[in-house]
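Every read-out reported here was derived from the displayed coordinates using simple, explicitly stated rules and does not represent laboratory data. Because the structure is predicted, anything quoted here is derived from the model rather than measured. No Cβ is skipped: glycine too gets one built from the backbone with ideal geometry, and neighbour counts run over all protein chains shown.
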Amino acid sequence: MSGRRLLILGGTGEALALAGQVATLPRLQAVSSLAGRTQNPVRPSGALRVGGFGGADGLADYLRAQQIDLLIDATHPFAAGISLSAARACEALAIPRLLLLRDPWVAVAGDRWIEVADSAAAAAALPRAAARVFLTVGRQELEPFGQVPGVHFLVRLVDPPATPLPLAACTIVIDRGPFAAEAEERLLVEHRIDAVVAKNSGGAATSGKIAAARRLGLPMVMLRRPAKPAGEQAATVAEAVAWLRARVG
């Protein structure tokens, strides 16, 4: 039996783990794709391409040219655009597609969540008493917070920004997860944080800030996930590998 070709749309810890698992499977050739927004990403096992596709049509052209047989979308839960492009391209070419999407976080006793739809709503929902806010929504989502008066933001980024952030007052921390709850608590105390803004990404790598906010009794403005396209879905790498085995043999 000839090998099947798999495209992994990556950028998450699950995508890295999946690429490592796929490298051990016979009759399967995989390439991982990264958007290229991080300067020094952790390189997955196997072949790698970096950069965008140019929408659904560009992705379809790539799938056709590379003779891709299977696609697993293991992008970030908030990467709505590429997930929609993947769904459209795979539907057009009749390529089986799996969405590998980890479960979201769920509030528990002691959490003080304010759930909102997007960054603009998060900026509007900041508690009036908040003067120092830990902002962990990513470089692309900061602009709405520039309109919030009287707040100093602590912003954590993977890479130093190439241009000034669109915030009136901020402190930048350059760091890469995973982040332990104890370290997150020290960070919040050191910077005198009184509110936290985050995306509901799910997973263990960045959940420490939720536990830290809970311990300190801080309110957390939580961005809800955007909708993902319908289709086959897995919550874990093990489930994704089982999906592949069922198709590769």
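Summary of values
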| quantity | calculated |
| --- | --- |
| Rounded if a/c under 1.5, otherwise prolate or oblate - the stretch 1-74, Cα gyration tensor axes | oblate |
| For the chain, the longest site-free run once trypsin sites (Lys or Arg not before Pro) in DSSP loop states with at most 13 other Cβ atoms within 10 Å are removed | 28-127 |
| Net length gained if the chain between R224 and Q39 were fully extended (0.36 nm per residue, minus Cα distance) | 63.9 nm |
| Amide H contacts of S32 (H built 1.01 Å from N, under 5 Å, at least 5 apart or other chain) | I8, A47, L48, R49 |
| Dipole of the stretch 1-128 [Lys/Arg +1, Asp/Glu -1 at C-beta], most positive-end residue of C90, L59, Q21 | Q21 |
| Per-peptide average of other Cβ atoms within 10 Å, ordering 163-170, 6-13, 200-207 highest first | 6-13, 200-207, 163-170 |
| Nearest-20 debye value, the stretch 50-179 charge dipole, Cβ charges on Lys, Arg, Asp, Glu | 360 |
| Contact order relative to length of the stretch 167-233, as percent, for alpha carbon pairs under 8 angstrom and 6 or more apart | 37 |
| Rel. contact order, % - alpha carbon contacts under 8 angstrom, at least six apart, the stretch 139-178 | 46 |
| Computed over the chain: relative contact order in percent, which uses C-alpha pairs under 8 Å that are six or more apart | 21 |
| For the chain, size of Cβ-based charge dipole, Lys and Arg +1, Asp and Glu -1, in debye | 280 |
| Summed residue charge, Cβ within 12 Å of G217's Cβ, Lys/Arg positive, Asp/Glu negative | 0 |
| Added length on full extension, which subtracts the Cα-Cα distance from 0.36 nm per residue, A120 to T171 | 16.3 nm |
| Sum of side-chain charges, E239 neighbourhood, beta-carbon under 12 Å (Lys, Arg +1; Asp, Glu -1) | -1 |
